[in-house]
Amino acid sequence: MLHAAIARPGKVVALIGIATAVDGLVTQFNQLPVEVKKEIELKGVWTMPTKYNEEGFYHIQYSFIKEAEHHCLLHSPIPVNCPVRLLHGMKDDIIPWHTSIQIADRLISTDVDVILRKHSEHRMKEKADIHLLVCTIDDLIDKLSVVGI
């Protein structure tokens, strides 16, 4: 979403991120032990464990990881200047909720809110999570209607 907003700032008027995974793949890869990273480079694929598919693994091409390194955003200010709402579950075991705080800190927009749900997980799929998302969308629509966008 951030790359789309950067590429088309005149078309994107607001953003809502749910467990926003900025630089997530690269960060996870870089946290691996050196010998594991070398093995992945030699094999050409990272078999990354996940609980979100039946196989229990994602197969990520090493070339994809290397390409992703060129698209990281947290190393400098993020040139997005529209309202941004970042929703994140504090029980997220995939993308740490601290990532949303880092994103908020890097965004140049002054209209940024981070909303943390203490008992929510990565997918934020519980009824209260969906309600929060709907209310956040409604609030942004109201805000943008008043502004006249």
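The values are calculated or read from the model by the stated rules, or taken from the named source; none is laboratory data. Keep in mind that this is a model prediction, so the values were computed, not measured. Note that each Cβ is placed from the backbone with ideal geometry, even for glycine, and that neighbours are counted across all protein chains shown. Side chains are part of the model used for accessible areas, which takes the heavy atoms of the whole protein and leaves out ligands, DNA and RNA. Shrake-Rupley method; radii C 1.70, N 1.55, O 1.52, S 1.80 Å.
A Cβ distance below 9 Å, combined with a sequence gap of six or more or placement on separate chains, defines the contacts here; from region 51-73, residues that are in contact (Cβ under 8 Å) with a residue 24 or more places away in the chain reach residues that are part of a helix (DSSP H, G or I) and among the aromatic types (Phe, Trp, Tyr) in the pairs Ile60/Phe29; Ile65/Phe29; Ala68/Phe29; Glu69/Phe29. The lone criterion from (1) out of contact with any strand residue (DSSP E or B) (no Cβ under 9 Å at 6 or more places or on another chain); (2) at pLDDT 95 or above; (3) not hydrophobic (A, V, I, L, M, F, W, C) left unmet by Gly24 is number (2). Looking across region 99-122, the residues that are within 26 Å of Lys143 (Cβ to Cβ) and either in a helix (DSSP H, G or I) or open to solvent by 80 Å² or more (accessible area, probe 1.4 Å) (or both) come down to Thr99, Ser100, Ile101, Gln102, Ile103, Ala104, Asp105, Arg106, Ile108, Thr110, Lys118.
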